[in-house]
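Engineer: I have a structure I would like to understand better, so I am pasting it below and will then ask my questions one at a time.
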Amino acid sequence: MSDWHKSSYSGGTNECVEVREHSTGADVRDTQNRRSGHLTFSGLEWRAFVDTLHSTSE
């Protein structure tokens, strides 16, 4: 499992999310509320999310 890293989509603000990719998908958490836990996405869900971000940012 990879380490947590700040999402490149968070920009320069303090309103950030962190992502941790792993062999079965990815986990996402709020950097300001790490103790609240994280959301886990399957590989298919994560790929669909990332693809949607890329298609809407063009």
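The values are calculated or read from the model by the stated rules, or taken from the named source; none is laboratory data. Note that the structure is a prediction, hence the values are computed from the model and not measured. Cβ placement follows ideal geometry from the backbone for every residue including glycine, while neighbour counts extend to all protein chains displayed.
Engineer: Among (1) touching a strand residue (DSSP E or B) at 6+ places or on another chain (Cβ under 9 Å); (2) modelled with pLDDT of 90 or more; (3) acidic (Asp, Glu), there is one condition Asp51 misses while meeting the rest; what is its number?
Structural biologist: Failing condition for Asp51: (1).
Engineer: So, in region 11-48, how many residues would count as being in contact with a strand residue (DSSP E or B) (Cβ under 7 Å, 6 or more places away or on another chain) and surrounded by 11 or more Cβ atoms within 10 Å (Cβ to Cβ)?
Structural biologist: Final tally of qualifying residues: 21.
Engineer: Between a residue in region 5-24 that is farther than 15 Å from Thr40 by Cβ and any residue that is modelled with pLDDT of 85 or more and of a type in the set (S, T, N, Q), which pairs come within a Cβ distance under 9 Å, given they are 6 or more apart or on different chains?
Structural biologist: As it stands, the answer is Lys6/Thr31; Ser10/Thr31; Asn14/Thr31; Asn14/Gln32; Glu15/Thr31; Glu15/Gln32; Cys16/Thr31; Cys16/Gln32, since those pairs meet every condition given.
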